[in-house]
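Inspection log for the structure reproduced underneath, given as structure tokens.
The values are calculated or read from the model by the stated rules, or taken from the named source; none is laboratory data. The model shown is predicted, which means the values in this text are computed figures rather than measured ones. Here Cβ is always computed from backbone atoms with ideal geometry, including for glycine, and neighbour counts include all displayed protein chains. Only protein heavy atoms, including side chains, enter the accessible area calculation; ligands, DNA and RNA are left aside. Shrake-Rupley method; radii C 1.70, N 1.55, O 1.52, S 1.80 Å.
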Amino acid sequence: MSTSSSHRKSFERPADRPAQPGAAVVALPKGRLDWRQLLDWLRDDRWISADDAERIARRFGAGQSSLHALVRLGGAGLTRAGTQRPLDTEALTEWLAGRIGRPFLRIDPLKIDFGRLADVMSVQYAQMRHALPVASTATEVTIATAEPFDTAWVPEIEAHTRKRVNLVLAHPEDLRRYTTEFYALTRSVRAAAKSGEVATAASFEQLVELGRSTKQLDANDQGVVQVVDWLWQYAFDQRASDIHLEPRRDMGAIRFRIDGVLHTVYQVPLTVMSAMTARIKLLGRMDVVEKRRPLDGRIKTVRPADAERGEKGGEVEMRLSTLPTAFGEKMVMRIFDPEAAVKSSTRSASPSTRPRRGAN
């Protein structure tokens, strides 16, 4: 597909995607999303009543906000006319994707090999454009965006990658969060690989404070320290029960066990994996020099509170085990998180997952 045809596709409804019931087929706007336009479309599609549209317009018109248009509307307490289903940011994003003929993507970080995608665009470019590369083939790069009409930058990426750009629509807050985390991790791994640094500080506190990985990294930050902090925080977020650091012939694999299934999360150079293992062994008061026999240890750390999810911080214990392999030390960290156990038992006992009375 040529650049001009892909660019034109951004502003026309595809013929094989019918409009939502009651929606008028009109030329799509250009530039950033505007809450007024979205309100009009919601009313035209009969997702909200005219009274609700007028009420929100008066409320939003009284002041300015730096929030993304979808996030702002998602927090307005709207419900869908007829069904009374809450129209949160995710529901509105999925509705908009269907209306404009774009695929909706719920970003799954476990399926993104971001080490391979980080060169598509810089973190500053991604944040400015509200975009994040999520997949790549020999001829196409898929980019998630929260601004489907702001596409003037697409030809730049196509020229840079020499691939066709396929845009998909994603939750604005997911984009913001994962852009920070993915680029921070990639920068840490590359810094550690470049310097070959190994964590050899004289002493570490047994109780490690987490949460630093969400901050913007500086070039002078210790790469290995940041990667380990990110690793634990990410494992807690994903409700992982185990973390595996597995050295292989060419690269080291970081894997999480989630609901009994191992997922490959990231691949790092063997020098970085060796440094990560050394840092974790130091924190677990294990013999860093000994690499030829299995070792055990433990670490107590603090999972930070997450206000967005309504989660309180708490102490988490990790049991460490190492095993020598042909390519280096393999490490397994078993996570004992009381908060995760409570949530899992709550989900298993929820009405939606209980067997119905009288069911066979």
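Using modelled backbone amide H atoms (1.01 Å from N, in-plane), which distant-in-sequence or interchain residues come within less than 5 Å of ALA135's amide H?
Residues meeting the criterion, in which the H sits 1.01 Å from N, are THR142.
So who's got an amide H within less than 5 Å of the one on ASP242, skipping anything under 5 residues away but keeping other chains? H placed 1.01 Å off N, in plane.
ARG257, ILE335
Extending each Cα 7 Å along its Cβ direction at SER49 and SER66, get the distance between those two points in nm, one decimal.
Modelled inter-label distance: 3.6 nm.
Taking the radius of gyration and the Kirkwood hydrodynamic radius from Cα positions alone, what is the Rg/Rh ratio for the range 67-115, to two decimal places?
1.08
With every protein chain kept in the model, how would you rank HIS160, HIS244 by accessible area, 1.4 Å probe, largest at the top?
HIS160, HIS244
Between the DSSP loop rule and a limit of at most 12 other Cβ atoms within 10 Å, which GluC sites (Glu not before Pro) in the range 236-336 are left?
Those that pass, being in a loop and sparsely packed, are GLU308.
State, as an integer percentage, the relative contact order of the range 37-104 based on alpha-carbon contacts under 8 Å between residues 6 or more apart.
23 percent.
Taking H placed 1.01 Å from N in the peptide plane, check which residues at least 5 places from ARG298 or on another chain put their amide H under 5 Å from its amide H.
Here the answer is LEU320, since their amide H atoms fall under 5 Å of that of ARG298.
Just to check, using Stokes-Einstein with a Kirkwood Rh over alpha carbon pairs, what's the diffusion coefficient of the range 40-176 at 20 °C and 1.002 mPa s in µm²/s?
132
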